[in-house]
Amino acid sequence: LALIDQLDRVVAAGARHLPATVTATLATIARQLRNRRAFSGLVHLVGIAGGTGTGKSSLFNALAGAEYSTVGAFRPTTAAAVAWVPEEEAGKLEAFWPDLGIDEVVTHNEDHRLALVDLPDIDSIVTAHRVSVRASIPLLDTVLWVVDPEKYRDRVLHQQFLRPLAAIQHRLRFVLNQIDRLAIAELEIVAADLTTVLSEGGYRGPVIWMTSADPPSGPPIGIEAVREGLAERAFDRSTPDDRTREEIERALGIVAPYVAPIGLAGSWSDVKVEAAGLLGGGRTGEGWRVLRETIQSLAATAPEIDASVDLPGLVGPVTGSVDAIARRLDATIGRHLRDAVRPRAVTGALVTELGLALARVRG
Ligand SMILES: Nc1nc2c(ncn2[C@@H]2O[C@H](COP(=O)(O)OP(=O)(O)OP(=O)(O)O)[C@@H](O)[C@H]2O)c(=O)[nH]1
Ligand SMILES: [Mg+2]
């Protein structure tokens with residue numbers, strides 16, 4: 001897609017002046033989107049996320065129809081993600097697994113394109129789990145968020161995870177698992193209550209499926225409805241494009257502060273005249289101070305400006321008329337500043353182009 005190519009150009013131009021972490025984040029977004037294109041529409045990639053012990057691995061196994069992922073009594077059980085994917089597409093998906101933290105892949109030959117990923121928990125003491133789940137969410141077509149009857153109202157869950165994800169709620173589906181622990185009469189009450197908490201967090205009409213993925217006795221319940229619900233979305237062609245737009249938008253937000261114009265032309269033309277007047281009028285100390293402070297305040301918004309430069313050394317002898325001094329300041333300090341912010345302007349132009357392209361795609 002042209003949008004991803006344009007993001008690559010921003011990354012390349014930005015390498016000259018952006019902090020390394022920003023370039024790395026943008027490059028990752030471009031890479032993830034490009035990886036996605038390799039199999040966009042080939043599979044419907046569903047990640048099973050949620051709190052520890054809610055039954056994510058149990059649901060994964062129930063949907064896959066075999067015990068591929070370890071279900072455990074000790075929390076957290078799942079550390080590395082396991083994926084269950086259509087055999088034909090497994091090769092095309094390989095490049096993508098490191099980004100999802102997946103180190104075990106099992107394949108299926110079923111008559112559908114569902115690819116499931118059993119993610120680690122989001123709330124155990126293992127911080128790395130949280131980080132890897134957060135990183136994988138942009139890559140998933142659908143996030144199947146599992147809650148249980150005990151912890152579905154958890155404050156941390158809603159504030160730290162579900163609220164921020166409301167922005168991509170069209171890609172979220174909820175599963176209330178372990179319904180065998182509720183009386184029939186309680187089911188609807190709990191589901192309605194969950195809908196209420198979610199709507200407080202910005203969700204409009206969230207889809208909630210109810211399951212018992214690994215009941216203490218008897219067969220799993222509600223699994224077929226989840227399968228069917230997921231199948232409906234399987235070839236939703238708009239999904240990858242939605243994500244591209246969302247991710248490009250996110251990239252623009254990340255890079256924006258680093259390419260914002262700093263108004264150099266205006267502020268410098270005033271300061272250079274003022275400083276030339278001071279230097280030419282014998283108030284040398286003040287003149288250099290004005291220049292130093294100007295450069296420092298510009299460098300505060302544009303860190304690519306070297307504020308520690310030796311100004312008298314850079315400018316050399318200050319003699320002649322105020323006009324001549326102003327010209328000299330412009331040829332030395334002015335040039336130093338313009339050179340420093342040129343990469344920002346170049347990247348900024350590409351960022352603006354990308355923003356315009358995004359707006360065009362949105363229509
Ligand atoms: N009663 C009941 N227990 C369940 C159900 N689903 C899972 N469990 C049990 O809950 C425990 C945790 O299940 P897991 O599937 O390992 O949960 P998880 O969400 O993958 O947990 P982590 O990998 O630690 O994040 C296990 O003892 C399961 O047998 C269910 O529907 N009903
Ligand atoms: Mg698990």
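Values quoted throughout were computed directly from the atomic coordinates according to the rules given, and no laboratory measurement underlies them. These numbers come from a predicted model, not from an experiment. For neighbour counting, all protein chains shown are included, and Cβ atoms are generated from backbone atoms with ideal geometry for every residue, glycine included.
Yes/no per residue for (1) part of a helix (DSSP H, G or I); (2) of a type in the set (A, V, I, L, M, F, W, C):
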site: His112; (1), (2): no, no
site: Leu116; (1), (2): no, yes
site: Asp121; (1), (2): no, no
site: Ser124; (1), (2): no, no
site: Val133; (1), (2): yes, yes
site: Val143; (1), (2): no, yes
site: Pro149; (1), (2): no, no
site: Phe161; (1), (2): yes, yes
site: Leu165; (1), (2): yes, yes
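In summary, Arg245 fulfils each of the numbered conditions (1) part of a helix (DSSP H, G or I); (2) among the basic types (Lys, Arg); (3) within 16 Å of ligand 1 (Cβ to nearest atom) with the single exception of condition (3). Among the residues of region 6-18, is any touching a residue at least 24 places away in the same chain (Cβ under 8 Å), within 16 Å of ligand 2 (Cβ to nearest atom) and part of a helix (DSSP H, G or I)? No, that holds for no residue. Given the residues Leu114, Leu100, Leu119, which is the only one that is touching a residue at least 40 places away in the same chain (Cβ under 8 Å), away from ligand 1 (no atom under 14 Å from the Cβ) and touching a Gly at 6+ places or on another chain (Cβ under 9 Å)? Only one candidate passes the filter, namely Leu100. Only residues that are within 10 Å of ligand 2 (Cβ to nearest atom) and either of a type in the set (Ser, Thr, Tyr) or free of Cβ contacts under 8 Å to residues at least 40 places away in the same chain (or both) were counted across region 48-70, and they come to 6.
Checking the conditions here, which among Pro317, Pro261 is of a type outside the set (D, E, K, R) and under 30 Å from Arg360 (Cα atoms)?
Exactly one of Pro317, Pro261 is of a type outside the set (D, E, K, R) and under 30 Å from Arg360 (Cα atoms), namely Pro261.
When Asp180, Asp214 are screened for being within 30 Å of Gly72 (Cα to Cα), in a loop (DSSP other than H, G, I, E, B), touching a residue at least 12 places away in the same chain (Cβ under 8 Å) and within 16 Å of ligand 1 (Cβ to nearest atom), only Asp214 passes.
Entry remark, region 9-32: residues being among the polar types (S, T, N, Q) and more than 12 Å from Ile254 (Cβ to Cβ) number 1 in total. Residues in region 167-177 that are assigned to a helix (DSSP H, G or I) and either touching a strand residue (DSSP E or B) at 6+ places or on another chain (Cβ under 6 Å) or without any contact (Cβ under 8 Å) to a residue 24 or more places away in the chain (or both): Arg171 only. Kindly indicate the residue of region 40-87 that is aromatic (Phe, Trp, Tyr) and part of a loop (DSSP other than H, G, I, E, B) and also surrounded by the most Cβ atoms within 10 Å (Cβ to Cβ) among those meeting that condition. The selected residue is Tyr68. Every condition in (1) away from ligand 1 (no atom under 16 Å from the Cβ); (2) in contact with a strand residue (DSSP E or B) (Cβ under 9 Å, 6 or more places away or on another chain) is met by Ala135 except one, and the failing one is (2). When the residues of region 141-158 are filtered to those that are without any contact (Cβ under 8 Å) to a residue 60 or more places away in the chain and basic (Lys, Arg), which remaining residue is surrounded by the fewest Cβ atoms within 10 Å (Cβ to Cβ)? Ranking the qualifying residues of region 141-158, first place goes to Arg155.
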